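The values are calculated or read from the model by the stated rules, or taken from the named source; none is laboratory data. From a predicted model like this one, the values you see are computed outputs, not experimental measurements. Cβ coordinates were reconstructed from backbone atoms using ideal geometry, including for glycine residues, and neighbour counts include every protein chain displayed.
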Amino acid sequence: MYTTLISAEQLKTLLASGTASMVFDCSFELMKPDAGPQLYRAAHIPGAVYANIDTDLSAKHGAPGAHGVVVAQDDGPPASGGRHPLPSRERFAAWLSSVGFANGMQAVVYDRNGANYCGRLWWMLKWMGHEAAAVLDGGLQAWQAAGGEVTSREEPTHFQSNFVAGAPLLKLVDTRTVAARLEQPDQTLIDARAAARYRGEVEPLDPIAGHIPGALNRPFTENLGPDGKFKPAAQLRTEFEDLLAGRDPATVVHQCGSGVSAVPNLLAMQIAGLGPTALYAGSWSEWSNTPGLPTRQGAQA
């Protein structure tokens, strides 16, 4: 079973073994939502299912410009607010069933974006109680560099399965919880956005620039080496321990702009042996749209 990372060579072996598995392509571009499906259609790992961040891995948005307000679905309210609200567990289980993913399968997720988007699906599977989920280290680029086959063919539809959600393996926290524990020793926020957005120098998406008071900053791209793969576990452990400066890793809550790019930090801490840690999926997009919550600008203390 693979639970954090899987290499291109390991994936080749897995696929050749006939082990029950499913590969998901999560390629996406935030500013060009149509680009992800087009990239998938142009080249993907044979048999891979496309998972769209906007439509498959998020609930519907609420009123334009009010990312903290989201539309309730027929199967209950979304599990978070923000720009990419988590769907309810029931709705996500129904989507997994619709693409033929079953509880006994190994899931492998990848993208072309430094694990920025596929990490979302990895986290959601853990949230559903599914342990056998792994990120393809280095993404599609590493797969192709290792001689892995890609195709532009249209994949056949899978038979419906009956995925059953289990107890969450990773913790989800909401705005109320984060606000109640703000700058307390039992909560350590890590913001995965680029440093300029964290400091409030730029804000291309949300109405307020800056960060949640007390949050530390670690851009998610810092988890990867020059080859696009995650850094060795020992190096990641040292870097996160330096960032935490004595704070307990068990108190960490990860956030970013909309709860997506925070996941590579969460995964990196897991690889480093410092997890599991929690996710604030609403992140800055929900926080900055919630009246009365404090914000900060500038570098971290």
Inset, instruction - Give just the number: which of (1) more than 30 Å from residue 291 (Cβ to Cβ); (2) in contact (Cβ under 8 Å) with a residue 40 or more places away in the chain does residue 173 not satisfy? - result: (1)
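Yes/no matrix, rows are residues, columns are (1) more than 19 Å from residue 78 (Cβ to Cβ); (2) out of contact with any Gly (no Cβ under 8 Å at 6 or more places or on another chain):
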| residue | (1), (2) |
| --- | --- |
| 250 | yes, yes |
| 267 | yes, no |
| 276 | yes, yes |
| 281 | no, no |
| 286 | no, no |
| 298 | yes, no |
Inset, instruction - Looking only at the range 172-182, decide whether some residue is hydroxyl-bearing (Ser, Thr, Tyr) and within 19 Å of the chain's Cα centre (by Cα). - result: yes
Legend entry - Those residues of the range 232-268 which are in a loop (DSSP other than H, G, I, E, B), surrounded by fewer than 22 Cβ atoms within 10 Å (Cβ to Cβ) and touching a strand residue (DSSP E or B) at 6+ places or on another chain (Cβ under 7 Å), in sequence order: 247
Legend entry - Cβ pairs under 6 Å, 6+ apart, first in the range 117-135 and within 15 Å of residue 264 (Cα to Cα), second among the basic types (Lys, Arg): none
Legend entry - Hits in the range 128-163 - residues which are hydrophobic (A, V, I, L, M, F, W, C), surrounded by fewer than 13 Cβ atoms within 10 Å (Cβ to Cβ) and modelled with pLDDT of 95 or more: 145
Inset, instruction - Kindly indicate the residue of the range 9-29 that is of a type outside the set (S, T, N, Q) and part of a strand (DSSP E or B) and also surrounded by the most Cβ atoms within 10 Å (Cβ to Cβ) among those meeting that condition. - result: 25
Legend entry - Meets criteria (in the same structural domain as residue 84 (by TED's automatic domain parsing) and either of a type outside the set (A, V, I, L, M, F, W, C) or within 13 Å of the chain's Cα centre (by Cα) (or both)) for residue 166: no
Inset, instruction - Determine whether the range 223-233 contains at least one residue that is more than 24 Å from residue 118 (Cα to Cα), out of contact with any Asp or Glu (no Cβ under 7 Å at 6 or more places or on another chain) and small (Gly, Ala, Ser). - result: no
Legend entry - Within the range 114-137, tally of residues that are in contact with a helix residue (DSSP H, G or I) (Cβ under 7 Å, 6 or more places away or on another chain) and assigned to a loop (DSSP other than H, G, I, E, B): 4
Inset, instruction - Enumerate the pairs (first residue in the range 24-45 and under 19 Å from residue 11 (Cβ atoms) and not assigned by TED's automatic domain parsing to the domain that holds residue 113; second residue anywhere and of a type in the set (Ser, Thr, Tyr) and at pLDDT below 95) with beta-carbon separation below 7 Å, excluding pairs fewer than 6 apart on the same chain, so at least 6 apart or on different chains. - result: none
Legend entry - Residues within the range 50-97 that are assigned to a loop (DSSP other than H, G, I, E, B) and either modelled with pLDDT of 95 or more or within 19 Å of the chain's Cα centre (by Cα) (or both), tallied: 23
Inset, instruction - Scan the range 269-301 for residues that are assigned to a helix (DSSP H, G or I) and either touching a residue at least 60 places away in the same chain (Cβ under 8 Å) or out of contact with any Leu (no Cβ under 8 Å at 6 or more places or on another chain) (or both) and report the count. - result: 7
Inset, instruction - Filter the range 171-218 down to the residues that are in a loop (DSSP other than H, G, I, E, B) and touching a Cys at 6+ places or on another chain (Cβ under 9 Å), then identify the one that is surrounded by the fewest Cβ atoms within 10 Å (Cβ to Cβ). - result: 193
Legend entry - Selection status of residue 103, out of contact with any Gly (no Cβ under 7 Å at 6 or more places or on another chain) and more than 14 Å from residue 25 (Cα to Cα): yes
Inset, instruction - Run down 253, 260 and say which single residue is among the β-branched types (Val, Ile, Thr) and touching a Lys or Arg at 6+ places or on another chain (Cβ under 7 Å). - result: 260
